[in-house]
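Here the structure comes first, spelled out in structure tokens, and everything after it is commentary.
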Amino acid sequence: MNREQFLAELATRLAKIAPVERDDILNYYLEYFEDRGIGAEDRVPPDLASPAAIADEILQNIPFSQTHAADGVRLETIHMPDLRRLDIELSLGSLEIEAADISEPELRRPAHRESREIDYEVEIFTEGDKLVIRDHVRKKWFRSSNFQPDPMILRIPKANSLEQAKIVLSLGSTKIYDLNCKHLHLHNSMGSIRLKGGVIDLLDARLEMGSIKFENVLIKSSTIKVDMGDLRGTAVLLGNHNLRCEMGSIKLDLAQSRENTALQTDVTMGSFRVNGRREGTGAFDRSSVPTSSLEIKVSMGSINLNFLQ
């Protein structure tokens with residue numbers, strides 16, 4: 001079986017899951033093949049599990065199939081001008097958070113859905129300056145269901161710089177735009193995480209399967225772990241950063257100076273490149289007083305860093 005046949009079969013076997021999650025999985029394996037120099041017509045290495053085995057493992061972790069969005073959403077204004085903290089946990093569905101030119105938080109969320117197959121409801125409440133959001137999914141297991149809620153979209157005032165945000169998703173993607181937050185905690189079981197713009201003082205992120213993408217975000221300190229997937233994109237990483245990827249790759253374009261960045265890298269099986277040049281792993285410190293310190297470890301995959309200054 002060559003690479004294209006492998007990806008085509010995997011896509012077919014994952015046809016019932018949400019398109020966003022399916023694309024994340026296929027992109028992960030495409031980048032995995034490219035990192036190993038496996039072209040479209042090249043044979044898949046024998047040490048890789050079959051598409052059937054991979055799909056079975058993924059589908060076992062999905063409570064039921066998702067192929068379309070549910071009907072009905074609710075749009076509401078949350079009268080909470082002093083919002084400083086978020087606590088969001090969703091067992092199903094995706095989430096978008098955007099800092100916007102508004103005076104009070106606004107939420108677009110799926111309406112309560114109760115049918116013969118599913119009972120789905122979103123609960124919202126406040127605790128002082130903290131906004132709490134939970135969903136409740138009660139699947140009627142004796143019936144099949146194609147239910148997939150619409151993405152939840154939370155818009156918060158740009159003037160509200162958050163002290164803390166905790167976001168945990170079981171099955172879905174997290175997208176965050178132009179958020180300023182002192183401590184951002186993210187945990188996705190399966191899906192993707194995207195951070196675009198904004199300033200994060202401390203990022204604590206865990207992704208079990210999928211991809212993390214940065215787009216022009218400033219992060220002053222972070223601890224990031226990806227079990228299976230990729231960490232990529234453009235960012236400024238100041239302070240201390242601990243990046244881990246068990247199986248996958250780390251590809252970052254950093255808008256900062258190589259001379260002022262201390263590096264400590266470890267690749268068990270794979271390659272390490274800086275500005276396109278292959279280098280050995282280990283500790284590298286070119287400045288007596290570095291402004292950034294990156295500790296990066298990949299068990300199986302590659303590290304590619306491009307310093308843009």
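Each residue of the range 162-175 was assigned a 3J(HN,Hα) from its phi angle through the Karplus curve 6.51 cos²θ - 1.76 cosθ + 1.60 (θ = phi - 60°); the sequence is 6, 6, 7, 9, 10, 10, 10, 10, 8, 8, x, 10, 10, 10 Hz, with glycine and proline shown as x. Between N306 and D42, the FRET efficiency estimated from the beta carbon spacing at R0 = 30 angstrom works out to 0.70.
Across the chain, the mean sequence separation of Cα contacts (distance under 8 Å, 6 or more residues apart), normalised by length, yields a relative contact order of 13 percent.
Return a whole-number percent for the relative contact order of the range 182-309, with Cα pairs under 8 Å and 6 or more residues apart as the contact set. Mind dumping the intermediate values first?
On the way: 386 pairs, mean separation 27.6, N = 128.
This gives 22 percent for the range 182-309.
If I model a spin label at D23 and N216 as a point 7 Å from the Cα along the Cα→Cβ vector, what separation in nanometres do I get? Result: 2.1 nm between the two label points.
Using Cα pairs closer than 8 Å and at least 6 residues apart in sequence, work out the relative contact order for the range 121-235, in percent.
16
Taken one residue at a time, the phi angles of the range 27-38 give Karplus couplings (6.51, -1.76, 1.60, θ = phi - 60°) of 5, 4, 6, 5, 5, 4, 5, 5, 5, 8, x, 9 Hz. Gly and Pro are set to x.
Recomputing volume of the Cα convex hull per residue in Å³ from the coordinates shown identifies the correct label among [x] 129; [y] 117; [z] 142 as [x]. Pairs to check: K130/K213; K16/K220; K182/K225. Give those whose C-alpha atoms are more than 29 Å from each other in this structure. Distance filter (> 29 Å) returns K16/K220.
Taking DSSP loops as anything outside H, G, I, E and B, show the longest stretch in the chain free of GluC sites (Glu not before Pro) there with at most 15 other beta carbons within 10 Å.
It works out to 42-258.
DSSP beta bridges fully contained in the chain are about 20 percent antiparallel. Which residues does a label at E34 reach in the range 183-216, if reach means a backbone N under 19 Å from a point 7 Å past the Cα toward the Cβ? Only 192-195, 210-216 fall inside the zone, counting backbone N under 19 Å. Take each peptide in 235-243, 164-172, count the other Cβ atoms within 10 Å of every residue, and average; sorted highest first, the result is 164-172, 235-243.
Assuming 0.36 nm per residue, please report the length gained on full extension of the stretch E57 to S257 beyond their Cα-Cα distance.
On the way: separation 200, 0.36 × 200 = 72.00 nm, distance 4.21 nm.
Here the answer is 67.8 nm.
Every read-out reported here was derived from the displayed coordinates using simple, explicitly stated rules and does not represent laboratory data. Not measured: the values here are computed from a predicted model. All Cβ positions, glycine included, derive from the backbone under ideal geometry; neighbour counts span all protein chains shown.
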